[in-house]
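The numbers here are math on the coordinates, done by the rules we state, and not lab data. Remember, predicted model here, so these are calculated numbers, not experimental data. Here the Cβ positions follow ideal geometry from the backbone for every residue, glycine too, while neighbour counts run over all protein chains shown.
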Amino acid sequence: MSYMLTWKNLNTLDQLEKIIAGSQMKPVLLFKHRSSSTESNQVKRLLENEWAIPPNQLDCYLVDAIKDKAIASEASDFAGIPNVFPQVLLFADEVAMYDESHEMINVKKIKIALKIINRTFKWMETRA
């Protein structure tokens, strides 16, 4: 089944902090994108065309890596990974659980990472 991928813009550091904190309730995907990059535009189109994740499972945010360099850099720093573009970061429970960049980004891998996250948290809830 396919779903429409709806991006929410991320353009302040305060918003980034709130989004990461909100990942305690629902996983969050950040896509760090350079609109002037052919590769970045291809990856974005691929994600949008092949999207198969219901919107109730994941919030998706787009970071303009040129306009909002500080936010893109801070997201990578928080995740503890190099700041590259294009790049996806998947946060859950305020932790970067998955990241990928360049041609390695695809919907299938994001779905697998999300499934692992959901199973892990379900297991943790049964242990509490």
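Pairs of Lys residues in the chain, spaced 8 or more positions apart or belonging to different chains, with C-alpha separations under 14 angstrom: 9 in total. In the set (i) 63, 44, 27; (ii) 38, 35, 24; (iii) 47, 33, 22, the label that goes with Cα extents along the principal axes in Å computed for this structure is (iii). Evaluating 6.51 cos²θ - 1.76 cosθ + 1.60 at θ = phi - 60° for every residue in region 11-20, the Karplus couplings come out as 9, 9, 5, 4, 5, 4, 4, 5, 5, 5 Hz, glycine and proline recorded as x.
For a paramagnetic label modelled at 7 Å from the Cα of LYS115 toward its Cβ, which residues of region 34-67 fall within the zone defined by backbone nitrogen distances under 14 Å? Only 52-54 pass the distance filter.
Between LYS108 and ASN9, the simple spin-label model (points 7 angstrom out along Cα→Cβ) gives 3.4 nm. Note on SER36 and LYS18: their simple-model spin labels are 3.0 nm apart, each label 7 Å out from Cα toward Cβ.
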